[in-house]
Every structure is written in C-alpha cells, then in structure tokens.
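The values are calculated or read from the model by the stated rules, or taken from the named source; none is laboratory data. Everything quoted here is computed from the prediction, not taken from an experiment. With ideal geometry, Cβ positions are generated from the backbone for all residues, glycine too; neighbour counts draw on all protein chains shown.
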Amino acid sequence: MHEHLSDLAQLLGRHMAEHCVDGLSRHFGDELLEAFPLEDRKSVSLALAELEAYGLVTLSRVVGPALPRVLTTVELFIASDVAITGHDPVEDSVALARLLLERPDLGRNTGDLEEVSGWKRRRFNPAFALLIPSVPDGRVRKPFHPDYPTMGIMLAEEDLVTLRRCPSSAHLAQLAA
C-alpha cells in the first residue's frame, strides 16, 4: 500500500481489499466503524478521504449514515494485493495480455479466459480489469456481470497491436491509467 498513507488508511484499505473476495469493486459503509471499534467516525472519515485522494476508493456522501458510501477501485487491489494475496495484478495483467495475443477469441467470454488462466477469481478479476481500458468502449461487452468486471472484450487487430506493444507491466499500467 502507499507508504505515505496514515496507518489507519492503510488498515482500512487492507480490510476492504481482503473483504472483496472476488476481486471486484465492492461497497462499504458504516460497517467499517464496527470493524474498527477503537476509531471514531471522524478518524475513519479522514482515512477514507486519504484513500480517495490516491484513487483507491471513491466516496459518495449520502444523508443518514455516519460514513460516506465507499466503493473500492482496481487501484486498491494494485496497491495491496502483493501483500494480501502474493500476486501482483499488474504483472498478472501482462500474463493475461499474452494469453489474449495467443488466443484473441478468449476475450469474448471472460469465463473462458479465467478458466484458461487457471487462476482463482480473486486473482483474475483485478488483472482483467486492468486490461479493459486498453480496449475501445464499443468492444467491451457492457452488460454487467456479477462475477467479472465485464462479460468480455472483442479484440480487433488494433487492440492486438496495443497488447503486443505492452511487453512490460509498467507500459500496461500506463495504458490503464
């Protein structure tokens, strides 16, 4: 996680990443106060604002609850998964890109790509989510799927060229940003 975050922000980020068991974005709310009973609402709110400032979560202020609605982002998994799961989503996305270069048809059905990868969903989803921004919007299957960031991606020749130009995780991370 980002070293310049406060200890509480790091603990909150880790807690939320650990509780996203399928590697997808998830909403959190006042249950974070219950998970950190020694912290007051103001401290937790400030730590969440830190996480939002680094793009690790998005916050939606709503009337009623003590805390804003929190939605985790793929950036949270990038920042914390090496410590939590032992896998780097950026490196994993490079491996998925290579699979797609070999067999572009795997992108059409996300479940097929997951199966060929041999990874558990918690590892697969953050890596796959990193690939989606490198495919133009019109070729991303939009109906949302409860198990994956999207149902699939339709790769055209220019997408394969983009993926081929991504020999490193650093280059792929720049494309996703």
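Residue 175 versus (1) over 15 Å from the mean Cα position of the chain (by Cα); (2) modelled with pLDDT under 90; (3) not in a loop (DSSP other than H, G, I, E, B): which is the lone unmet condition?
Residue 175 satisfies every listed condition except (1).
Can you find, within the stretch 56-88, the residue that is farthest from the chain's Cα centre (by Cα) among those that are of a type in the set (Gly, Ala, Ser) and under 22 Å from residue 42 (Cα atoms)?
64
With the requirement that a residue be closer than 24 Å to residue 26 by Cα and either surrounded by fewer than 19 Cβ atoms within 10 Å (Cβ to Cβ) or basic (Lys, Arg) (or both), what does the stretch 135-168 give you?
137, 140, 141, 142, 143, 144, 145, 146, 147, 150, 151
What's the total number of residues in the stretch 133-162 that are of a type outside the set (Phe, Trp, Tyr), within 18 Å of residue 23 (Cβ to Cβ) and touching a residue at least 40 places away in the same chain (Cβ under 8 Å)?
7
Determine, yes or no, whether residue 147 is part of a helix (DSSP H, G or I) and out of contact with any Ser or Thr (no Cβ under 7 Å at 6 or more places or on another chain).
no
Of the conditions (1) crowded, with 17+ Cβ neighbours inside 10 Å; (2) under 15 Å from the mean Cα position of the chain (by Cα), residue 21 clears all except one; give me its number.
(1)
In this structure, does residue 61 turn out to be without any contact (Cβ under 8 Å) to a residue 60 or more places away in the chain, loosely packed, with under 13 Cβ neighbours inside 10 Å and farther than 13 Å from residue 126 by Cα?
yes
Grab the helices (runs of 4 or more DSSP H) fully contained in the stretch 1-116, keeping just those with 3 or more residues being under 23 Å from residue 131 (Cα atoms) and among the charged types (D, E, K, R).
It comes to 89-102.
Which of the residues belonging to the stretch 19-51 are closer than 15 Å to residue 7 by Cα, without any contact (Cβ under 8 Å) to a residue 12 or more places away in the chain and touching a strand residue (DSSP E or B) at 6+ places or on another chain (Cβ under 9 Å)?
Selection gives 49 alone.
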